[in-house]
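Below you'll find the structure, written out as structure tokens, and then a few comments.
The values are calculated or read from the model by the stated rules, or taken from the named source; none is laboratory data. Because the structure is a prediction, the values reported are computed rather than measured. Here Cβ is always computed from backbone atoms with ideal geometry, including for glycine, and neighbour counts include all displayed protein chains.
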Amino acid sequence: MCMRVQSAATITRVYDAGAGVITLPAGLAPDLTLRALLAVVAELHLPVLDGQPLCWCGQPLTLGCLIPRQRTGEETVGAA
Ligand SMILES: [Zn+2]
């Protein structure tokens, strides 16, 4: 099963090995979210290619809506 990345306001477990889910704090700036993900990825000894964290299988770990590809605006993530 591929690793998944999600954000949550309350984090009980950054990495859930059973579910294969990495949880990052919601509401962080995209840069900080990526940095946090890279820190977790390093902790888990997952591969990183050109600053892009990868799953064990080599698939890019996408943050989905967490990290907008283009910096057109500062979107608040997870805030009401
Ligand atoms: Zn995978």
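I'd like to verify a number: residues in the stretch 24-50 that are out of contact with any helix residue (DSSP H, G or I) (no Cβ under 9 Å at 6 or more places or on another chain) and part of a strand (DSSP E or B), how many?
The total comes to 1.
Among the residues of the stretch 21-67, which ones are farther than 15 Å from Cys2 by Cβ, within 16 Å of the ligand (Cβ to nearest atom) and surrounded by fewer than 17 Cβ atoms within 10 Å (Cβ to Cβ)?
Selection gives His45, Val48, Leu49.
Could you tell me whether any residue of the stretch 11-20 is away from the ligand (no atom under 13 Å from the Cβ) and of a type in the set (Lys, Arg)?
Yes.
In the stretch 1-10, which residues are exposed (fewer than 12 other Cβ atoms within 10 Å of the Cβ) and either more than 16 Å from the ligand (Cβ to nearest atom) or over 17 Å from Leu46 (Cα atoms) (or both)?
Answer for the stretch 1-10, where residues must be exposed (fewer than 12 other Cβ atoms within 10 Å of the Cβ) and either more than 16 Å from the ligand (Cβ to nearest atom) or over 17 Å from Leu46 (Cα atoms) (or both): Ala9, Thr10.
Show the residue pairs that are 6+ apart or on different chains and have beta-carbon atoms under 8 Å apart, the first residue being within the stretch 51-71 and outside any loop (DSSP other than H, G, I, E, B), the second being at pLDDT below 70 and not small (Gly, Ala, Ser).
Taking only residues 6 or more apart or on different chains, the pairs are Cys65/Val77; Leu66/Val77.
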